[in-house]
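Peer 1: Dumping the structure here so I can ask a few things about it.
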Amino acid sequence: MEDELIDGDRLSLSRKSVLPGAGFFYPDSLDEEYAERRTKEAVEGAEVVVIADSDADGLGCVALIREAYDAALDAASFEESIAERLAGDELLGGPDAGSGSGGTDEEDGSDGERGGGEADDEGGEEPAEPDSPVALVGAGPHSLPDALERVAEYADPGADAYVCDLSPDRYEDVGESLEALVRRASRVRWFDHHQWDDEVAAAVRGAGVDLVVGDSDEECSTDVTLRSLDYDFDDRFRELAAVTRDHDLWLREDPRSDDLADYAYWADPEEYVTIVGRYGADLPEPVEEYVAARRVEKEQLVERAVERAEMKAVGPWTVGVTYGRCSQNEVAEALRERGSDAAVIVKPAGSASIRGSDGFERCHEVAAQVNGGGHPKAAGCKPGIYDDMLDYAHHWTTQGSAAKRVILAAFERLAEDETAEGEIEADEDDGDGDEDTEGIETDR
């Protein structure tokens, strides 16, 4: 395939909105080979290894751990690189999708999703070579078992190991590699805020891991790391955790949180960790200029996704459904303003983001039916409907019609369950001679 066919810079906005980025076409075998080499280079000789999700929350954890170990990198070289990007024509180049750095689906870096991550970046500069004694190994939900296995193989015996902002659906998925890591490391600590299955959490702790899971409605993983490390962090790190939480829990009360989320997505992970470790949530002026420049196209892609959205009545809920390469959080917010209780944003790479509201806090239940999971108000999935490239071709040309149907069907099953529960409660009330209810009405 000719490079120019997948070069995002050559595509019109309308085509770019419906097609995946160059990273989608990068073969998994080559990606795995690259990830293997990058992991080995990063962890050999390191005193500490952190496996973290490469969104703002996961990387915020890494910044805190490096501060606690006095292992932050010098920000000057990264600031020079940012200035060069501003002066040149590299604003559209993001982290390399095949870098093994743990990139998630386009603009999905801060939604707390499990099961929905898939590389879909634009491709760009080679990540900066890390030289901190606290090594960073980026991972997504699906790549966590491989990341654990690689770190267990290449980390120096006796090194400390951390896992941050990631959670397994089943212990069987990570058990063997996690136990190998426990045997190799001096200790393994795990900080997260996703909703954990009790049996999975017990098995992880039983393997010898110090697991701390925060309340997903109250804390982000950076909060959990901040309170779990035996270190007196100064105010900039406490503020970094608070602003990260503002975006990760979708509170939207601090405008800086969107800057952190966007910068974490567009920058190389090492750059992000170093800059926020130096400046906290108050990003320096060159970074703010860089983020502002990148947002021009981002906002255009959001507009396209909102324009093609449809509102569907499913049981008691209104679900906004759309398709496109876009920042799902901003699209979901726009659909909420148009009256949706929940939003489904299907991506060109095949995954989807599900966003809720105060009227719908069951996103994780929808996603769990479609090969995913997450939080009550933010989840992700990737329907298992893509058997070959013809299926993807159909996906692109129909703007995700099959994926939309599968996910809406999951909403419908929830609605049916809710109706059945209401009818049972009504029957029980009638039988007790108490109030006469009619169940849950699902028709509008």
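The values are calculated or read from the model by the stated rules, or taken from the named source; none is laboratory data. The model shown is predicted, which means the values in this text are computed figures rather than measured ones. For neighbour counting, all protein chains shown are included, and Cβ atoms are generated from backbone atoms with ideal geometry for every residue, glycine included.
Peer 1: Under the condition of being assigned to a helix (DSSP H, G or I) and more than 22 Å from the chain's Cα centre (by Cα), which residue from the range 178-192 is surrounded by the most Cβ atoms within 10 Å (Cβ to Cβ)?
Peer 2: Restricting to residues being assigned to a helix (DSSP H, G or I) and more than 22 Å from the chain's Cα centre (by Cα), the top hit is Leu181.
Peer 1: When you go through (1) in contact with a strand residue (DSSP E or B) (Cβ under 7 Å, 6 or more places away or on another chain); (2) under 30 Å from Ala159 (Cα atoms); (3) small (Gly, Ala, Ser) one by one for Ala305, which number turns out not to apply?
Peer 2: Against the list (1) in contact with a strand residue (DSSP E or B) (Cβ under 7 Å, 6 or more places away or on another chain); (2) under 30 Å from Ala159 (Cα atoms); (3) small (Gly, Ala, Ser), Ala305 comes up short only on (2).
Peer 1: Here is a follow-up. Considering only residues of the range 46-81 that are touching a strand residue (DSSP E or B) at 6+ places or on another chain (Cβ under 6 Å) and part of a helix (DSSP H, G or I), which is surrounded by the most Cβ atoms within 10 Å (Cβ to Cβ)?
Peer 2: Checked the range 46-81; the qualifying residue surrounded by the most Cβ atoms within 10 Å (Cβ to Cβ) is Gly58.
Peer 1: Give the range 4-45 a look and list any residue that's buried (at least 19 other Cβ atoms within 10 Å of the Cβ) and without any contact (Cβ under 8 Å) to a residue 40 or more places away in the chain, or say none.
Peer 2: Ile6 - this is the single residue of the range 4-45 that is buried (at least 19 other Cβ atoms within 10 Å of the Cβ) and without any contact (Cβ under 8 Å) to a residue 40 or more places away in the chain.
Peer 1: What number of residues within the range 194-232 are in contact (Cβ under 8 Å) with a residue 60 or more places away in the chain, surrounded by fewer than 21 Cβ atoms within 10 Å (Cβ to Cβ) and under 21 Å from His375 (Cα atoms)?
Peer 2: Final tally of qualifying residues: 2.
Peer 1: Tell me the residue from Leu211, Leu226, Leu178 that is farther than 28 Å from Leu283 by Cα, in contact with a Lys or Arg (Cβ under 7 Å, 6 or more places away or on another chain) and among the hydrophobic types (A, V, I, L, M, F, W, C), please.
Peer 2: Leu211
Peer 1: Looking only at the range 198-233, count how many residues are closer than 23 Å to Ser357 by Cα and part of a loop (DSSP other than H, G, I, E, B).
Peer 2: Looking only at that region, the number is 7.
Peer 1: Another question about this same structure. What's the number of the condition Pro269 fails, among (1) surrounded by fewer than 24 Cβ atoms within 10 Å (Cβ to Cβ); (2) under 25 Å from Gly138 (Cβ atoms)?
Peer 2: Answer for Pro269: the failing condition is (1).
Peer 1: Would you be able to say whether some residue in the range 402-420 is modelled with pLDDT of 95 or more and hydroxyl-bearing (Ser, Thr, Tyr)?
Peer 2: The answer is no, given that none of the residues of the range 402-420 is modelled with pLDDT of 95 or more and hydroxyl-bearing (Ser, Thr, Tyr).
Peer 1: Consider the range 187-202. How many of its residues are touching a Lys or Arg at 6+ places or on another chain (Cβ under 7 Å) and not aliphatic (A, V, I, L, M)?
Peer 2: Qualifying residue count, the range 187-202: 1.
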